[in-house]
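Bear in mind that the values in this text are calculations on the coordinates, not laboratory data. None of these values were measured; they are calculated from a predicted model. Please note: Cβ atoms are built from the backbone with ideal geometry, for glycine as well, and neighbour counts cover all protein chains shown.
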2 protein chains.
Amino acid sequence: MPKIIVEVMPKADLLDPPGKAVANALHRQGHSRIENVRIGKRIELHYKDTPTQSDLDAAAKIAEDFLSNGVIEDVVKIWVEA
Amino acid sequence: MPKIIVEVMPKADLLDPPGKAVANALHRQGHSRIENVRIGKRIELHYKDTPTQSDLDAAAKIAEDFLSNGVIEDVVKIWVEA
């Protein structure tokens with residue numbers, strides 16, 4: 001099924017306690033190469049047929065207005081996956 | 001900062017109530033081209049320098065064992081972002 005994928009992450013200058021907890025657990029398991037972990041959202045919008053440019057523009061607006069909270073999150077990526 | 005990105009989604013045959021709620025809200029707003037919405041996770045693992053193939057192999061194992069619940073979720077994608 002054709003999709004538009006929207007990716008939302010906590011803003012870089014905000015703490016991310018769940019990510020920090022995962023990073024600490026990985027360090028305890030010896031994964032010292034991983035410096036930090038951040039956890040965000042991947043949202044799939046499913047379409048019956050291939051999304052058009054106007055679908056992508058609408059999705060970008062939905063991502064900013066509805067799928068993310070601009071105070072604490074950034075939309076980092078939007079793309080079509082056929 | 002170089003990263004490995006891990007993406008985790010609820011399994012296709014499971015209900016996703018938050019995704020369904022978003023889909024219903026979008027339909028009420030007139031976005032009828034969007035058939036369905038699924039919400040998953042995007043997890044960023046941050047590295048001091050560019051991840052190697054062995055980092056990627058380790059991340060794939062971490063993704064399966066630790067970042068996702070194999071009963072209800074699938075790891076859909078893992079990639080390096082320099």
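Laid out as a table, the results:
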quantity	calculated
Nearest-first distances (nm) between copies at B:Thr50, label 7 Å from Cα via Cβ	3.3
Helix-only [θ]222 nm of chain A, DSSP H runs n ≥ 4, -39500 (n - 2.57) each, per residue, nearest 500	-8000 deg cm²/dmol
Solvent-free Debye scattering, log10 I(q)/I(0), computed from the Cα coordinates of the stretch B:3-81 at q = 0.13 Å⁻¹	-0.51
In sequence order, calculated HN-Hα J values of the stretch B:68-82 (Karplus, 6.51, -1.76, 1.60; Hz; x Gly/Pro)	10, 9, x, 6, 10, 10, 10, 7, 8, 6, 9, 8, 8, 10, 6
For the protein assembly as shown, average projected area of the Cα convex hull in nm²	9.9 nm²
Too-long pairs where the Cα-Cα distance tops 31 Å, listed order kept, from A:Lys20/A:Lys77; A:Lys11/A:Lys48; B:Lys20/B:Lys48; A:Lys20/B:Lys61; A:Lys61/B:Lys77	A:Lys11/A:Lys48; B:Lys20/B:Lys48
Derived scalar couplings ³J(HN,Hα) [the stretch A:19-30; Karplus, 6.51 cos²θ - 1.76 cosθ + 1.60; whole Hz; x for Gly, Pro]	x, 4, 4, 5, 4, 4, 5, 5, 5, 4, 7, x
Copy-to-copy label separations for A:Ala21, where each label sits 7 Å from Cα toward Cβ, in nm and ascending	1.9
Separation between Cα centres of the stretch A:1-53 and the stretch B:1-61, rounded to whole Å	7 Å
Phi to ³J(HN,Hα) by Karplus 6.51 cos²θ - 1.76 cosθ + 1.60 over the stretch A:46-53, Hz, x for Gly, Pro	9, 10, 5, 10, 4, x, 8, 4
Least to most buried among B:Arg33, A:Arg42, B:Arg28 (fewest other Cβ within 10 Å first)	B:Arg28, B:Arg33, A:Arg42
Most mobile of A:Glu64, A:Glu44, A:Glu35 in a GNM of chain A (Cα contacts under 10 Å)	A:Glu35
Other copies of B:Asn69: label-to-label distances in nm, shortest first, labels 7 Å along the beta-carbon direction	2.2
